[in-house]
Amino acid sequence: MSVYRSTKGFTLIELLVVIAIIGILVGLLLPAVQTARGASRRIACTSNLKQMALAANAYDSIHRRLPIGFLGPWDANGNGLNDVAEAPPWQFDFSNIGMLPVLLSFIEESGTQDKLNPLLLRQHSRKYPGQNYFGHWAAGKSTKEAASTQPSVFLCPSALLGPYDICIDTTFTYETADGIQVEIRGRREKDYGRSNYVGVSGKAGNTPSEKQYAGLFVNRIPRSLRHARDGTSNTLLFGENAGVITWLGAEGWPVLNGLGDTPSRTKPLFTSLHPSVVMFATADGAVRGLTFDIEQEALNNLAGMADGQLVK
């Protein structure tokens with residue numbers, strides 16, 4: 001004789017209660033997971049900046065100076081201004097590369113560096129950096145190939161990963177009779193390798209009216225860590241840019257636009273997608289986070305290498 005037993009399942013109310021409990025648990029755990037991921041990305045970003053700062057220190061130790069901040073237009077008449085007296089051939093006598101290409105061998109990217117046009121790298125060792133090289137770095141086939149590679153150290157895990165339609169290539173900080181001008185000019189194809197880190201040029205680069213706040217990475221002028229008279233721990237070296245800029249063209253950026261969380265396509269701006277802070281490496285190899293609302297004067301003092309004002 002067969003005996004049938006009925007199996008009692010969940011009632012609708014019980015099922016809804018279980019679903020609600022699971023939803024509450026997920027809601028409680030999700031912020032913790034997101035916080036952990038954010039912390040992990042910040043640690044990775046800190047590691048990248050530290051590697052870059054140590055690479056710059058190693059370069060300075062070998063060459064007794066840092067890489068040139070930017071090989072841009074030459075100040076032909078020596079007045080510190082980008083004015084009407086600057087005439088050809090000065091405007092063609094530059095390659096628009098920043099300091100990162102010559103640091104590749106210090107971050108285990110020698111293979112990429114070997115593909116670059118040697119003239120680009122030799123410019124950094126000349127008495128008058130950048131002269132006698134005519135043409136943009138993108139003009140050479142092997143250099144373009146190298147520029148399309150992506151060194152992992154140059155990417156912050158929190159930054160924009162795409163899709164994106166262009167890469168920023170060139171920014172200019174200069175002074176005219178109308179005052180300081182800071183702008184983004186060059187744009188390149190989207191398939192170039194990029195960097196989320198750029199050098200710090202001071203408040204407004206080497207412009208005459210703000211020269212007291214000049215930083216370590218400026219156009220055409222070689223600087224060494226010895227020039228950081230405010231102390232290497234009190235002088236910014238590299239900072240975050242959450243946007244899209246080519247690593248070959250990444251140069252020294254000014255801090256006069258402050259900090260933010262939204263990358264700009266019209267002006268150089270240190271930005272970050274980390275909560276509330278932009279990460280910077282100082283010239284001693286340390287890394288620190290600066291809050292978005294830092295006072296501009298304090299930011300200027302940190303960016304300047306010898307303004308005499310120390311920021312705790």
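The values are calculated or read from the model by the stated rules, or taken from the named source; none is laboratory data. Predicted, not measured: the structure shown is a model, and the values here were computed from it. Note that we place each Cβ from the backbone using ideal geometry, even for glycine, and neighbour counts take in every protein chain shown.
Meeting the requirement of 1 or more residues that are among the aromatic types (Phe, Trp, Tyr) and within 24 Å of Asn57 (Cβ to Cβ), the strands (runs of 3 or more DSSP E) wholly within the stretch 209-306 are 236-246, 252-254, 277-282. Restricting attention to the stretch 288-312, the residues being within 13 Å of Lys211 (Cα to Cα) and either hydroxyl-bearing (Ser, Thr, Tyr) or out of contact with any helix residue (DSSP H, G or I) (no Cβ under 6 Å at 6 or more places or on another chain) (or both) number 4.
Residue-by-condition table, conditions (1) within 10 Å of the chain's Cα centre (by Cα); (2) more than 20 Å from Ser95 (Cα to Cα); (3) surrounded by 24 or more Cβ atoms within 10 Å (Cβ to Cβ); (4) modelled with pLDDT of 85 or more:
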site: Arg188; (1), (2), (3), (4): no, no, no, no
site: Ser195; (1), (2), (3), (4): yes, no, yes, yes
site: Ser201; (1), (2), (3), (4): no, no, yes, yes
site: Tyr213; (1), (2), (3), (4): no, yes, yes, yes
site: Phe217; (1), (2), (3), (4): no, no, yes, yes
site: Leu225; (1), (2), (3), (4): no, yes, no, yes
site: Ser233; (1), (2), (3), (4): no, yes, no, yes
site: Glu240; (1), (2), (3), (4): yes, yes, yes, yes
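Residue pairs whose Cβ atoms lie under 8 Å apart, sitting 6 or more positions apart in sequence or on different chains, and linking a residue in the stretch 62-74 that is closer than 10 Å to Leu216 by Cα and modelled with pLDDT of 90 or more to a partner that is of a type in the set (Phe, Trp, Tyr) and assigned to a loop (DSSP other than H, G, I, E, B), are Leu66/Phe217; Pro67/Phe217.
Of all residues in the stretch 260-287, those being in contact with a helix residue (DSSP H, G or I) (Cβ under 9 Å, 6 or more places away or on another chain) and either modelled with pLDDT of 95 or more or hydroxyl-bearing (Ser, Thr, Tyr) (or both) number 10. Going by what's in this entry, would Ile184 be described as surrounded by fewer than 24 Cβ atoms within 10 Å (Cβ to Cβ) and under 16 Å from Gly72 (Cα atoms)? When the stated conditions are applied, Ile184 passes them. Val278 meets the conditions (1) buried (at least 19 other Cβ atoms within 10 Å of the Cβ); (2) more than 18 Å from Gln51 (Cα to Cα); (3) free of Cβ contacts under 8 Å to residues at least 40 places away in the same chain; (4) among the hydrophobic types (A, V, I, L, M, F, W, C) in every case but one. The failed one is (2).
When the stretch 150-167 is examined, which residues are found to be closer than 24 Å to Ser47 by Cβ, among the aliphatic types (A, V, I, L, M) and either assigned to a loop (DSSP other than H, G, I, E, B) or modelled with pLDDT under 80 (or both)? The answer is Leu155, Ala159, Leu160, Leu161.
Inclusion of Thr266 among residues that are without any contact (Cβ under 8 Å) to a residue 60 or more places away in the chain and either crowded, with 24+ Cβ neighbours inside 10 Å or out of contact with any Cys (no Cβ under 7 Å at 6 or more places or on another chain) (or both) is not warranted.
Within the stretch 242-263, the set of residues being surrounded by fewer than 19 Cβ atoms within 10 Å (Cβ to Cβ) and of a type in the set (Ser, Thr, Tyr) comprises Thr262 only.
Given the condition in contact (Cβ under 8 Å) with a residue 60 or more places away in the chain and among the charged types (D, E, K, R), answer yes or no: does some residue in the stretch 233-249 qualify? Within the stretch 233-249, one or more residues are in contact (Cβ under 8 Å) with a residue 60 or more places away in the chain and among the charged types (D, E, K, R).
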